[in-house]
Amino acid sequence: MKLDRRGRRSLKAGAFMAFSYVSTVLALVALVAILASLLVEGVGGLNLAVFTQSTPPPGGEGGLANAIVGSLMLCAAAMVAAVVVGVLAGTWLAEYSCDSWYARVVRFVNDVLLSAPSILIGLFIYEVVVRPMGGFSGYAGALALALIATPVVTRTTEDVLKLQSRALRESGVALGSPLWTTIQKILWRAAGGGIVTGGLLAFARISGETAPLLFTSLNNQFFSLDMGRPIANLPVVIFNFALSAYEDWRRLAWVGALLIAVAVLAINVLVRVLAREPRRS
Amino acid sequence: MDPIFRAVCFSAATALLCALAGVMVSLVIGGWPAFAKFGLGFFTSESWNPVTEVYGAAGPIAGTLITSFLSLLIALPIAFGVAVFLTEFCPRVLRRPIGIAVELLAGIPSIVYGMWGLFVFAPVFAKYVQLPMVLAAPPGSVWEKLVAGVPNGANILTASIILAIMILPYMAATLRELFLTVPAKVRESAYGIGATPLEVVGAVTLPYVKRSAIGAVMLGLGRALGETMAVTFVIGNAHGFPTSLFSSGSTIASTIANEFAEATSEMHSAALIALGLVLFLITFTVLALARALLGHRQAV
């Protein structure tokens with residue numbers, strides 16, 4: 001069959017449309033398949049012991065309590081450091097830098113750090129913290145996570161501060177307050193929602209990070225709150241248990257994966273809900 | 001007080017700069033013994049043997065480049081299709097939910113992708129794709145060489161596909177953002193003179209965002225190069241140079257993840273850190289190019 005020019009065009013357009021539909025369906029199928037296997041494999045193992053008992057020896061009874069607590073401690077410590085440094089650095093970029101060449105360098109470096117391979121961050125912290133201190137520790141793990149979270153906070157802080165209107169700045173200065181008071185009392189408050197969003201995204205990002213923890217905080221089979229020693233954490237436990245030969249360890253790994261995924265997805269949804277609300281300022 | 005606050009903010013910004021410089025310096029110092037001992041052989045030799053203390057990184061370096069390239073080859077057309085769907089064809093009601101779903105896919109931690117790849121995807125893939133392909137390959141052909149390997153699902157191609165699923169949402173989201181920057185007036189005038197969607201995308205949208213779109217692709221490539229956990233689960237972790245799509249291999253990141261905590265000798269750690277430096281230089285180049293093409297304002 002020979003098509004005229006018009007037929008060829010509409011045929012091509014149809015094929016293009018079909019291709020685009022198929023692509024989207026494929027992406028959605030991947031999402032559904034991953035979530036479905038998490039639910040199928042993870043929900044069965046979910047019980048109270050998961051939250052109250054520590055990781056078991058092979059064949060024994062146990063849960064993930066030490067890993068959950070350890071993960072929360074690592075992420076909390078990392079977020080404190082990341083928010084402090086990130087907000088200050090973002091403030092400098094947005095308010096003080098005047099777009100100098102140095103600001104452009106910092107911005108570029110921040111963008112590179114934003115997508116730098118996390119395993120290299122782990123190697124770096126190993127070299128500068130673990131090796132000199134003579135052992136793996138929770139502090140090293142928290143520091144590695146902080147280094148991954150900080151660029152996210154810096155970036156969002158800079159972006160939301162730049163969104164604030166010039167009038168806001170000028171009204172602060174017109175009241176006779178110095179710039180730093182204006183920033184702290186007016187701009188940070190006005191931009192608060194956006195900064196919180198950035199913090200949450202950073203938290204979601206680091207809560208599943210495994211690679212940088214493998215040789216910084218390592219793992220701990222027992223319940224421990226001591227950040228100066230190796231500390232258990234969900235990602236590394238999942239990694240070790242999933243690759244083990246024991247059926248019950250693998251089941252716990254699925255439960256852990258489900259917990260992390262639910263936490264991360266919940267934060268992402270929360271961020272969208274927060275972002276949707278009109279900003280009160 | 002103001003100068004003090006300003007100085008504090010300035011030092012926070014400088015700390016970021018120091019962090020990146022620190023990463024590079026520490027990798028150079030830590031990896032130096034390996035470079036000094038093996039010289040260029042570190043890049044060309046494929047024998048990696050902790051027992052005899054001989055380290056050649058050709059296998060992991062090749063594995064990293066091959067898996068990243070293959071994953072890009074798979075993910076790019078699909079990401080493009082998704083972005084086009086969301087900007088051109090999607091019914092208004094579905095636009096937001098599907099957009100969110102794609103972004104959620106980007107939020108799933110990589111270790112979950114790894115586990116899913118190992119326990120769910122790899123067995124299915126080995127049984128329904130790899131085995132038939134191996135059986136169907138005519139003996140003695142190039143095709144047979146390309147698909148040779150143990151059909152256990154842990155190989156270069158599986159790793160590439162898992163990587164592709166991981167970088168797909170990033171690229172789709174960035175491309176969609178880019179497509180939305182095309183002024184509606186321009187697109188609609190193209191439709192107005194009777195262009196089909198394909199012609200609008202090909203003649204108006206793509207040329208408009210060409211530069212940034214290449215940046216978005218490079219950003220995806222950067223992620224694929226450095227991705228650790230998803231790959232470590234499904235690549236099979238063999239050191240040699242990968243010879244076929246279905247041979248086990250390793251990437252730089254997966255080698256470091258597997259061996260670093262257990263490396264006992266100085267030279268073994270040094271060789272792994274030297275690998276890390278190679279990865280750093282590759283990703284830094286790709287990311288720097290991506291940022292230069294994208295400009296600062298685009299996407300996270």
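The values are calculated or read from the model by the stated rules, or taken from the named source; none is laboratory data. Predicted model only: the values in this text are computed from it and were never measured. Cβ placement follows ideal geometry from the backbone for every residue including glycine, while neighbour counts extend to all protein chains displayed.
Structure data summary
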{"read-out": "Qualifying helices (runs of 4 or more DSSP H) (wholly inside segment A:157-268; at least 3 residues being touching a residue at least 40 places away in the same chain (Cβ under 8 Å))", "value": "A:192-207, A:234-242"}
{"read-out": "Residue within segment B:62-71 that is surrounded by fewer than 23 Cβ atoms within 10 Å (Cβ to Cβ), within 14 Å of another protein chain (Cβ to nearest Cβ), over 30 Å from A:GLY14 (Cβ atoms) and touching a Phe, Trp or Tyr at 6+ places or on another chain (Cβ under 6 Å) present", "value": "no"}
{"read-out": "Qualifying helices (runs of 4 or more DSSP H) (wholly inside segment B:200-265; at least 2 residues being surrounded by 20 or more Cβ atoms within 10 Å (Cβ to Cβ) and more than 13 Å from chain A (Cβ to nearest Cβ))", "value": "B:206-226"}
{"read-out": "Number of the condition not met by B:ALA195 [criteria: (1) part of a loop (DSSP other than H, G, I, E, B); (2) more than 25 Å from A:PHE16 (Cα to Cα); (3) facing chain A (nearest Cβ under 10 Å)]", "value": "(2)"}
{"read-out": "Index of the failed condition, A:ALA144 passing every other in (1) buried (at least 21 other Cβ atoms within 10 Å of the Cβ); (2) within 8 Å of chain B (Cβ to nearest Cβ); (3) under 26 Å from B:THR232 (Cα atoms)", "value": "(2)"}
{"read-out": "Wholly enclosed helices (runs of 4 or more DSSP H) of segment B:83-171 bearing at least 2 residues over 18 Å from A:SER37 (Cβ atoms), more than 7 Å from chain A (Cβ to nearest Cβ) and modelled with pLDDT under 90", "value": "B:92-107, B:131-136, B:142-147"}
{"read-out": "Filter result for the condition that a residue is at pLDDT 95 or above and buried (at least 19 other Cβ atoms within 10 Å of the Cβ), over A:GLY122, A:GLY45, A:GLY86, A:GLY63", "value": "A:GLY86"}
{"read-out": "Given (1) surrounded by fewer than 19 Cβ atoms within 10 Å (Cβ to Cβ); (2) more than 14 Å from every other protein chain (Cβ to nearest Cβ), number of the condition A:ILE231 does not satisfy", "value": "(1)"}
{"read-out": "Residue among A:ARG189, A:ARG251, A:ARG229 that alone is of a type in the set (D, E, K, R) and under 23 Å from A:VAL87 (Cα atoms)", "value": "A:ARG189"}
{"read-out": "Failed item, numbered, when A:VAL264 is tested on (1) touching a Gly at 6+ places or on another chain (Cβ under 6 Å); (2) surrounded by 22 or more Cβ atoms within 10 Å (Cβ to Cβ); (3) among the β-branched types (Val, Ile, Thr)", "value": "(2)"}
{"read-out": "Close pairs (8 angstrom Cβ cut-off, 6 or more residues apart or separate chains): within 8 Å of another protein chain (Cβ to nearest Cβ) in segment A:97-115, surrounded by 13 or more Cβ atoms within 10 Å (Cβ to Cβ) and charged (D, E, K, R) anywhere", "value": "A:ARG107/A:GLU158; A:PHE108/B:ARG291; A:ASN110/A:ARG155; A:ASP111/A:ARG155; A:ASP111/B:ARG291; A:VAL112/B:ARG291; A:LEU114/A:ARG155; A:SER115/B:ARG223"}
